[in-house]
Amino acid sequence: MATLDDVRAIALGFPGAVERVDGHRGGASWRTTGGPFAWQRGPSGRDLEQLAALGRDWPPGDVIGVRTDGQQVKEALLESFPDVFFTIPHFDGYPAVLVRLDAIDLEHLREVITDAWLLKVTKRVAGEWLAAHPPATG
């Protein structure tokens, strides 16, 4: 189980990442000069109406949104980890998933936030960071 403090610590550990309070919803977002890569996301009234029409509910606990590398990655996360990741009609066609923090372990959270951050930095910054942080081999 992860927390918003875990999200904050992971996100702010990346070069160039800053935290801002979203003016629209009032939650935290983590971004680079290239845009947001993760953000706190609660349901809007419209979200709840649309989910109810689909026979679904917003999950309990804290939720964040994270960018994905396109629709295929989004669909793979949704299919592979249905208890962790979900989407809503508002995100149809948008390369992002919603993450249930009470259902994701810390290493998986670190992985999806890292992937999201890499999408929002320059190729040079991403390359330098990846060179300094090679993937662990098992």
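The values are calculated or read from the model by the stated rules, or taken from the named source; none is laboratory data. Note that the structure is predicted; figures quoted are calculated from it, not measured. Cβ placement follows ideal geometry from the backbone for every residue including glycine, while neighbour counts extend to all protein chains displayed. Surface accessibility is based on the protein's heavy atoms, side chains included, excluding ligands, DNA and RNA. Shrake-Rupley method; radii C 1.70, N 1.55, O 1.52, S 1.80 Å.
Results, tabulated for the structure shown:
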{"read-out": "One residue from F37, F81, F14 being over 22 Å from K120 (Cα atoms) and either at pLDDT 95 or above or buried (at least 18 other Cβ atoms within 10 Å of the Cβ) (or both)", "value": "F81"}
{"read-out": "Selected residue (criterion: nearest to the chain's Cα centre (by Cα)) from residues of segment 91-111 that are free of Cβ contacts under 8 Å to residues at least 60 places away in the same chain and either surrounded by fewer than 14 Cβ atoms within 10 Å (Cβ to Cβ) or in a loop (DSSP other than H, G, I, E, B) (or both)", "value": "P95"}
{"read-out": "Which listed residue is assigned to a helix (DSSP H, G or I) and either within 18 Å of I104 (Cα to Cα) or among the basic types (K, R) (or both), from V73, V66", "value": "V73"}
{"read-out": "Filter pass, A9 being modelled with pLDDT of 95 or more and among the small types (G, A, S)", "value": "yes"}
{"read-out": "Residue pairs meeting the criteria (Cβ under 8 Å; at least 6 apart or on separate chains; first under 14 Å from L98 (Cβ atoms) and open to solvent by less than 70 Å² (accessible area, probe 1.4 Å), in segment 46-74; second of a type in the set (F, W, Y) and part of a loop (DSSP other than H, G, I, E, B))", "value": "D47/W58; L51/W58"}
{"read-out": "Enumeration of residues in segment 112-138 that are of a type in the set (A, V, I, L, M) and in contact (Cβ under 8 Å) with a residue 40 or more places away in the chain", "value": "V112, I113, A116, L119, V121, V125"}
{"read-out": "Some residue of segment 24-32 being closer than 27 Å to L130 by Cα, open to solvent by 70 Å² or more (accessible area, probe 1.4 Å) and either over 15 Å from the mean Cα position of the chain (by Cα) or acidic (D, E) (or both)", "value": "no"}
{"read-out": "Residue list for segment 1-45, filter: part of a helix (DSSP H, G or I) and touching a residue at least 60 places away in the same chain (Cβ under 8 Å)", "value": "L4, D6, V7, I10, A11"}
